[in-house]
Amino acid sequence: MPRMISVDPTSGKVGDVLTVTGENLEKTHVAEVFLTDGKNDLKVPVTEQGATTLKFRIPPNVKPGRFALMILTAGKDPKYIEQPVKVTVESAEPKPEEARPAQPKPEEAKPQP
């Protein structure tokens, strides 16, 4: 039975690749990987897959928030299994204070007499 134990890093932005460690994560056991918030499931592209590690990319159509990882098992009787591993997707937009350089205040910009 596939089991995810941890993810590193625990948060990322769209396009970032995260590494999951666990057991039985190879393609013969895990067919697909999803981010789920309990209502919406979003398939993620798997970039590397082995018995104890799996790497996936945060897809462009995901909204910022906290998600659990969920797998679809491979084989004759596939099942969706939510994993006890959480990921936080961060906003890709810069914060307002980072978006523009600090402007001097008008009274600081004037030369002093």
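What follows draws every value from the coordinates through simple rules; no lab data is involved. Being a predicted model, the structure only gives us computed values, none of them experimental. Quick reminder, even Gly has a Cβ in these numbers, built from the backbone with ideal geometry, and neighbours come from all protein chains shown.
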- Lone unmet requirement of (1) closer than 18 Å to residue 79 by Cβ; (2) within 11 Å of the chain's Cα centre (by Cα); (3) not in a strand (DSSP E or B) for residue 14: (1)
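Of everything in segment 12-27, what is of a type outside the set (Lys, Arg), closer than 18 Å to residue 47 by Cβ and surrounded by 13 or more Cβ atoms within 10 Å (Cβ to Cβ)? Give them in sequence order.
12, 14, 16, 17, 18, 19, 20, 21, 22, 25, 26, listed by residue number.
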- Condition met for residue 2 (free of Cβ contacts under 8 Å to residues at least 12 places away in the same chain and either surrounded by 16 or more Cβ atoms within 10 Å (Cβ to Cβ) or within 9 Å of the chain's Cα centre (by Cα) (or both)): no
- Message: Can you tell me how many residues within segment 29-52 are among the hydroxyl-bearing types (Ser, Thr, Tyr) and within 16 Å of residue 16 (Cα to Cα)?
- Response: 1
